Every structure is written in structure tokens, then in C-alpha cells.
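To keep things clear, I will list the structure first and then write my remarks on it.
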Amino acid sequence: MSDPRFRPVPYRPARVPPDESARRLREDYELACARRTVRHFAPDPVPREAIEDAIRIAGTAPSGAHRQPWFFVAISEPETKARLREAAEREEREFYERRATPEWLEALAPLGTDFVKSHLTDAPWVIVVFRRDFEELPDGTRLKGYYLSESVGIAVGFLIAALHRAGLATLTHTPAPMTFLRQLCGRPANEKPFLILPVGYPSEDCVVPDLARKRLDEIAVLR
Ligand code: IYR
């Protein structure tokens with residue numbers, strides 16, 4: 001006897017013919033290759049609806065026990081972005097000038113990063129992603145999340161891909177520590193800051209590091 005709480009419903013997505021499937025994958029690969037993480041954003045506005053739809057897409061990610069352990073705070077208010085930048089730069093200066101190991105600084109050298117985080121005020125939107133460790137139901141019971149970082153990481157992947165497909169650039173930014181974000185975003189103690197994602201169009205003078213991606217045979221084996 002199966003558990004009565006398991007109530008399956010039919011799932012019959014239309015089968016994509018192999019040729020069409022191959023075509024879509026080629027096209028998506030080309031699109032994915034064209035994505036670059038960007039640190040220089042144009043001030044041009046991005047409609048609120050675009051951010052809403054991208055977050056809706058992120059919210060379709062698979063998650064441990066389907067607990068959907070994520071929360072997104074999308075900020076466009078200039079004053080809030082300025083406060084966020086100030087706090088992030090305080091932490092980052094500490095990182096670059098004291099906390100980072102020489103090995104870490106060496107790894108970052110080809111990326112041209114430093115503690116100045118102008119993208120946090122230049123980008124029209126800054127999405128702060130939270131990892132919700134547990135949820136409290138109205139009756140006080142706690143619903144624990146599972147595979148929290150994996151789940152939120154997948155959701156952020158969906159988010160970045162959706163924004164890129166819409167022609168929008170992002171920067172995956174994780175100032176450490178990020179604890180200041182909880183208070184700044186007015187989030188409860190059961191949520192942990194996971195990532196900051198500035199979103200916008202690349203500026204006209206935008207440059208990116210000259211990086212190469214690993215080939216298929218360097219990242220996979222098929223047997
Ligand atoms: N959080 C710092 C440092 C940094 C760390 C890694 I790993 C990067 O890929 C890039 C930067 C910063 O945002 O500058």
C-alpha cells in the first residue's frame with residue numbers, strides 16, 4: 001500500500017523529435033557560450049516585469065523534498081543599493097587587504113577584481129538570494145529544508161540562464177561575510193544570504209577577462 005500522501009498526477013509532455021532536440025541544444029549551447037559575467041553595467045532601466053518573470057523561472061528549480069528553500073529580494077531603490085554597496089565594500093576591503101590568502105589573490109588576479117563594487121549601484125537591479133533553512137507554518141511547526149545549497153544553487157543557475165536569454169547580464173557576487181544582507185533586506189533569522197546578483201545591460205565600455213572554457217573532454221566522460 002502506498003502512502004496516502006503520495007497523490008500522483010499524469011505527466012505527458014509532448015515528445016520532441018531527435019532532430020528538433022539536436023537543433024535546440026546547438027542553439028542553446030551557442031547562447032550559453034555567449035554569456036559572460038559582467039562587472040560594468042549601463043544605467044539603463046530594466047522593467048520590473050522582466051525581473052519578476054526571471055524569478056518565477058528560478059522558482060521552478062527542483063529542490064530537496066520540494067521545500068523550495070529560496071527567497072529573492074530584488075532591489076532597485078538607489079538608496080538601498082548605495083547602503084548595500086557601502087556595506088559590501090567594507091567587507092571586501094577587509095578581504096583584499098587582510099583576509100585573503102596570497103593563493104586566493106593569485107587566483108583572482110586574472111579576473112581584475114578589487115574591493116570597489118560599483119556594479120552594486122550601477123546595475124538597475126540587484127537581486128539578493130537567500131537560503132531558507134526551515135519554514136515555520138502558522139501553527140508553529142517547523143518544516144526543515146534539505147540539500148539547501150544544492151537547491152538554491154540550481155535556482156540561481158535557472159535565474160542566470162533566464163536573464164541571459166532575455167539579453168540581461170549578471171554578476172555572481174558573494175561578499176564574505178554576507179550577514180549584513182539579512183538586516184539590510186529585512187529578512188528573518190531562518191534565512192541565510194546566499195548570493196548577490198546585480199542585473200542589467202553591459203555598459204558601452206564594458207570589458208571582460210579573456211577566459212577560455214574547458215572542452216567537453218576536460219569536463220566529462222561518456223561511456
Ligand atoms: N568576494 C570577492 C572576491 C572574489 C572571490 C571569488 I572565488 C571570485 O571569483 C571573485 C571575487 C569579490 O567579490 O571581489
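Only one of the listed residues (Pro62, Pro43) is away from the ligand (no atom under 16 Å from the Cβ) and touching an Asp or Glu at 6+ places or on another chain (Cβ under 9 Å). That residue is Pro43.
When you scan the range 144-152, do you find a residue that is under 17 Å from the mean Cα position of the chain (by Cα) and within 16 Å of the ligand (Cβ to nearest atom), even just one? Looking for residues that are under 17 Å from the mean Cα position of the chain (by Cα) and within 16 Å of the ligand (Cβ to nearest atom), one finds at least one in the range 144-152, hence yes. Given the structure, is Arg85 outside any loop (DSSP other than H, G, I, E, B), open to solvent by 50 Å² or more (accessible area, probe 1.4 Å), touching a Ser or Thr at 6+ places or on another chain (Cβ under 9 Å) and within 16 Å of the ligand (Cβ to nearest atom)? Taking the combined requirement at face value, the residue satisfies it.
Only a single criterion out of (1) more than 19 Å from Asp44 (Cα to Cα); (2) of a type in the set (Ser, Thr, Tyr); (3) more than 13 Å from the ligand (Cβ to nearest atom) is not satisfied by Thr172, namely (3). Within the range 93-121, the set of residues being of a type outside the set (A, V, I, L, M, F, W, C), within 13 Å of the ligand (Cβ to nearest atom) and closer than 18 Å to Thr170 by Cβ comprises Gly112, Thr113, Lys117, Ser118, His119.
Of the strands (runs of 3 or more DSSP E) contained entirely in the range 91-153, not one carries at least 3 residues that are at positive phi and touching a helix residue (DSSP H, G or I) at 6+ places or on another chain (Cβ under 7 Å). Within the range 1-20, being part of a helix (DSSP H, G or I) and surrounded by 10 or more Cβ atoms within 10 Å (Cβ to Cβ) holds for one residue alone: Glu20.
The values are calculated or read from the model by the stated rules, or taken from the named source; none is laboratory data. All of these numbers come straight from a predicted model, not from anything done at the bench. All Cβ positions, even for glycine, are placed from backbone atoms using ideal geometry, and neighbour counts span all protein chains on display. We work out accessible area using only protein heavy atoms, side chains counted, and drop any ligands, DNA or RNA first. Shrake-Rupley method; radii C 1.70, N 1.55, O 1.52, S 1.80 Å.
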